[in-house]
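Each remark here refers to the structure printed beneath this line.
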Amino acid sequence: MEAPADTTWKGFSLAERDRRWNAVRKHAAEAGFDCILVPLCVDGRNQHLSLEQARGMRSDGRYLTLLENAAVILPTDGRKPIVISDAESGNEWIPEFRPVKGSWGAAMAEALLESGMERARIGVTGLERGRIVHGRAYAGIVNHTSYAELLRRLPNAKFEDDRDTVASARYVKGAEEIDCLRRGAEIAAAGIDELGRVARPGVKDSVVYTAVMRRMLELGSGYYPLALYTGPMDAVRLPRFEDPPEGRVLQPMYRIHNEVDALWGGLIAQEQQGFLLGPIPEAWQRVVDLQRDLFYAGLERLKPGMVFGEFIDSVNTFGQKRGMKSLILMHGRGYGDDGPLLTPQDRGEKVRDIVIEEGNVFIWKPIAMSDDEKIQYSWGGCVLVTKTGAVQLVKRTPGMVSIQ
């Protein structure tokens, strides 16, 4: 893999910016909005959230501007957006923006009035939990104080949830986004290789963690903590560490699980690989084999036009023919908190009618289980939906790695 200093990637093009803006305008016009507003959103770093949730808080603004914190007023009639930010300087996409003077609410109100939106129908991103993005944001992501001030200043405008307008644009990735996610997946896979090189009985969890993080940062990933799970093989639930305690040491027949995320171009890729510090018992191997077959069957079924309800049902019943169980685990990849979110805790009842589309990128990591659910295994990586099915962004083989 090329070193960061040798990469030919110089950032997203203006064509990619225009593709995103036009996609949002199209979805907004179809929903009958005069304008889309990405308001000031909560700073996730102050909310004790997971990094996935924290990065998702202001992800709509980053998607449209590449600025870390921005409010965006995007009319649907083709006019350029007005961008408000507290950044020190602009970028190639947004060379100039409006600084915040006094308050965010006043700045957003002034921009909306200047755009002729005094009596407009305005779609607002992040007012409530989303189905396609912001699936973890149960109370939405909007900064209440600035939004309340905005409502007071524009009493005749109609503000409402944007009905996944921006989310629908984010849901289908462009070629440049796919390239970034592929690069991120390659970096994550390199981190997994480093984990397999370092992890041995007697090695501290913190040493393994540091080695993986160092390898990914060397390859140019933005900072995104490794999620490391270690413990006895028979433990159904392993403890999860993003900062493993210094004294914790790997032991023979310990199982190692992980979520290895890498950032490239601001997009989050994830790869996952299980390890066992010893020989794999036959009962475990049967579950691992089921998971492998389920992973590949899912790739074949992930085609444009299928609704998630049908896909969810096919995954959750896959293990029955072998006297075992299976459960869907997947969600979107992108700027943060991308969905639809499908986990053992959130089975997807609210997203069953969402249609799978060409250009979707997911972290696909289904769970296989023994019939008594005492053995559970998940393996996965980033997959891209194409016309004929899904393909892995990085070619890896499902399974569990035995380290002896």
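For segment 293-388, which GluC sites (Glu not before Pro) are in a loop by DSSP, counting at most 13 other Cβ atoms within 10 Å?
On the way: sites: GLU300, GLU310, GLU349, GLU357, GLU358, GLU373; in loops: GLU349, GLU357, GLU358, GLU373.
When the GluC sites (Glu not before Pro) of segment 293-388 are filtered for loop state and at most 13 Cβ neighbours within 10 Å, GLU349, GLU373 remain.
If you plug each phi of segment 140-153 into the Karplus form 6.51 cos²θ - 1.76 cosθ + 1.60 with θ = phi - 60°, what whole-Hz ³J(HN,Hα) values come out, in order, with x for Gly and Pro?
Once rounded to whole Hz, the list reads x, 10, 7, 5, 5, 4, 5, 5, 4, 5, 4, 5, 5, 7.
I'd like the Karplus ³J(HN,Hα) series for segment 222-231: coefficients 6.51, -1.76, 1.60, θ = phi - 60°, whole numbers in Hz, and an x wherever there's a Gly or Pro.
These are the phi-based 3J(HN,Hα) values: x, 6, 8, x, 5, 9, 10, 10, 9, x Hz.
Can you pull the three principal axis extents for the Cα set of the chain, in Å, largest first?
68, 43, 37
Any chance you could check the Cα centroid distance between segment 61-76 and segment 208-258 for me, in angstrom?
35 Å
Are there any chymotrypsin sites (Phe, Trp or Tyr not before Pro) in segment 204-275 that are in a DSSP loop and have at most 15 other Cβ atoms within 10 Å? List them by number.
Details: sites: TYR209, TYR223, TYR229, PHE241, TYR254, TRP264, PHE275; in loops: TYR223.
Here the sparse-neighbourhood loop sites are TYR223.
Summing +1 for each Lys or Arg and -1 for each Asp or Glu, what net charge is found among the other residues whose Cβ lies under 9 Å from the Cβ of GLY339? Mind dumping the intermediate values first?
Working: positive: ARG131, ARG136; negative: ASP337, ASP338.
Value of the local net charge: 0.
If you put +1 on each Lys and Arg Cβ and -1 on each Asp and Glu Cβ, how big is the dipole of the chain around its Cα centre, in Debye rounded to 20? It would help to have the intermediate numbers written out before the result.
Working: 52 positive and 55 negative charges, 84 e Å.
Its charge dipole is roughly 400 debye.
Suppose accessible area is computed on protein heavy atoms with a 1.4 Å probe; arrange PHE159, PHE308 from highest to lowest.
Values: PHE159 35, PHE308 0 Å².
Largest to smallest exposure gives the sequence PHE159, PHE308.
Just round it to a whole percent: the fraction of Cα-Cα distances in segment 238-311 exceeding 15 Å. Write out the running numbers ahead of the final one.
Numbers: 1983 of 2701 pairs.
Cα-Cα pairs of segment 238-311 separated by over 15 Å account for 73 percent.
Using DSSP to call loops (not H, G, I, E or B), can you name the GluC sites (Glu not before Pro) in segment 188-249 whose Cβ has at most 15 other Cβ atoms within 10 angstrom?
Values: sites: GLU194, GLU218, GLU242, GLU246; in loops: GLU242, GLU246.
In loop regions of segment 188-249 (DSSP not H, G, I, E or B), the sparsely surrounded GluC sites (Glu not before Pro) are GLU242, GLU246.
Let me have the 222 nm mean residue ellipticity of the chain computed from DSSP H runs of 4+ only, each contributing -39500 (n - 2.57), with the sum over all residues rounded to the nearest 500.
On the way: 10 runs with 126 residues, N = 404.
Calculated at 222 nm, the ellipticity per residue is -10000 deg cm²/dmol.
Output the 0 to 90 degree angle, nearest 10, between the alpha-carbon long axis of helix 175-198 and the longest principal axis computed from the alpha carbons of the chain.
Roughly 30 degrees, rounded to the nearest 10.
The values are calculated or read from the model by the stated rules, or taken from the named source; none is laboratory data. Because the structure is a prediction, the values reported are computed rather than measured. Cβ sites come from the backbone with ideal geometry, for glycine too, and all protein chains shown count toward neighbours. Accessible surface areas use protein heavy atoms only, side chains included; no ligands, DNA or RNA. Shrake-Rupley method; radii C 1.70, N 1.55, O 1.52, S 1.80 Å.
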